[in-house]
Amino acid sequence: MSVELRKIALQRENLHKNHESSRPLSKDYEYIGLKGEDAFANEFKKEIDKELRPGGDAGKDFEDILGNIDVKTARKAYNLIVEEGKVVSDVYVLAQYIDETDVAHLLGWEYKDKVLAAPKRDFGYGIINHYIPKHELRTIEELKDILLKKIDIYTIKTPIWKTRSIGIARQRLSDDLLVEIEYKQSNGEKLYPHTYIVRKGSLDNYPIQIVKDNNLVIVPIEDLEIYKGEK
């Protein structure tokens, strides 16, 4: 596969040479990018887009239920880095390429809105980028659960402050469910930064409250299980 990827990388380099959207900031940048795409394709049962595109890939490498997915691969993958003004995909994945083994490893991922909200800096090339440290990214295991196991995500905008609880529509509890609480503090940080998992049947004994004809299961936030990815 690496021989084929080398061939595609060379074709891409020649095609994009002197193109304004091309930023060859490291040796073998096209090949390294392809190795990251290949790692993602193998993990998520996808196919690499091998078509040569003079205008580039428009910031997306794959498509799935979360939308367009862009894999960012680097040798020194300390941060997920996306150029300011070019955050167009719905999901960004960080991968690290290892020269000694000629292998790329997937490190983590994040949603578009989180990338847009991330701090910005110039990493020394005269380009301003949004960046998220790799240890702050969501786990690849979580992305597998969403894309491969099709676990739904349930988003809560604001908790029930009086009881520090949340309400989950009962009809959404017929299977495992990932829960996120989006409420942010005045400093812009989420008050509850974790993703939680509600397992099928785990809330059967919690009270139900009817709100606008919806049966909501009311559960204290402290009772929620912090999601760490399924192994």
With θ set to phi - 60°, apply the Karplus curve 6.51 cos²θ - 1.76 cosθ + 1.60 along the stretch 94-106 and write out the HN-Hα couplings as whole Hz, x wherever there is a Gly or Pro. 9, 10, 10, 9, 10, 4, 4, 10, 6, 10, 10, 10, 7
Name the residue from Ile132, Trp161, Leu177 whose Cα lies farthest towards the positive end of the charge dipole of the chain, charges +1 on Cβ of Lys and Arg and -1 on Cβ of Asp and Glu. Trp161
Between the alpha-carbon centers of the stretch 113-177 and the stretch 79-110, tell me the distance in whole angstrom. 17
Suppose R0 equals 41 Å; then what is the FRET efficiency for Ile226 and Val88 from their Cβ-Cβ distance, rounded to the nearest 0.05? 0.85
For the stretch 2-140, just say rounded, prolate or oblate: build the C-alpha gyration tensor, square-root its eigenvalues into a ≥ b ≥ c, call rounded for a/c under 1.5, and beyond that prolate if a/b exceeds b/c, oblate if not. rounded
Would you tally the net charge around Lys190, using a Cβ to Cβ cut-off of less than 11 Å, leaving Lys190 out, and scoring K and R as +1, D and E as -1? -1
Neighbour-count order for Lys162, Lys72, fewest beta carbons within 10 angstrom listed first: Lys162, Lys72
Put in order of increasing Cβ neighbours within 10 Å, starting from the fewest, Val198, Val211 give Val211, Val198
Enumerate the amide H contacts of Asn68 below 5 Å, restricted to partners 5 or more residues apart or on another chain; note that Pro and chain-start residues carry no placed amide H. Asp90, Val91
Could you compute the longest span of the chain free of GluC sites (Glu not before Pro) located in DSSP loops and having at most 15 other Cβ atoms within 10 Å, not counting the site residues? 101-181
If amide H atoms are built 1.01 Å from N in the plane of the peptide, which residues on other chains or at least 5 residues away come under 5 Å of the amide H of Ile166? Ile160, Val219, Ile221
Work through the residues other than Asn79 whose Cβ is under 10 Å from its Cβ and net out their charges, Lys, Arg +1 and Asp, Glu -1. +3
Under-5 Å amide H pairs with Phe123, H placed in peptide plane, nonlocal only: Asn129
Given the Cα-Cα distance of Lys184 and Asp49 and 0.36 nm per residue of separation, how much length would full extension add, in nm? 44.8 nm
Report ³J(HN,Hα) in whole Hz for each residue of the stretch 182-192, in order, from the Karplus equation J = 6.51 cos²θ - 1.76 cosθ + 1.60 where θ = phi - 60°; Gly and Pro get x. 7, 4, 10, 7, 4, 7, x, 8, 5, 5, 10
Given Lys50/Lys144; Lys134/Lys157; Lys46/Lys190; Lys76/Lys150, which pairs have Cα atoms separated by over 30 Å? Lys46/Lys190; Lys76/Lys150
Just grab the label-to-label distance for Asp175 and Asp152, each label 7 Å out from Cα along the Cβ direction, in nm (one decimal). 0.9
Using Cα pairs under 8 angstrom and six or more residues apart, how large is the relative contact order of the chain, in percent? 13
For Val217, Val93, Val88, order by how many other beta-carbon atoms lie within 10 Å, fewest first: Val88, Val217, Val93
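Throughout, read-outs are computed from the coordinates displayed, never taken from laboratory work. Please read all numbers here as calculations on a predicted model, not as lab measurements. Backbone-built Cβ (ideal geometry, glycine too); neighbour counts: all protein chains shown.
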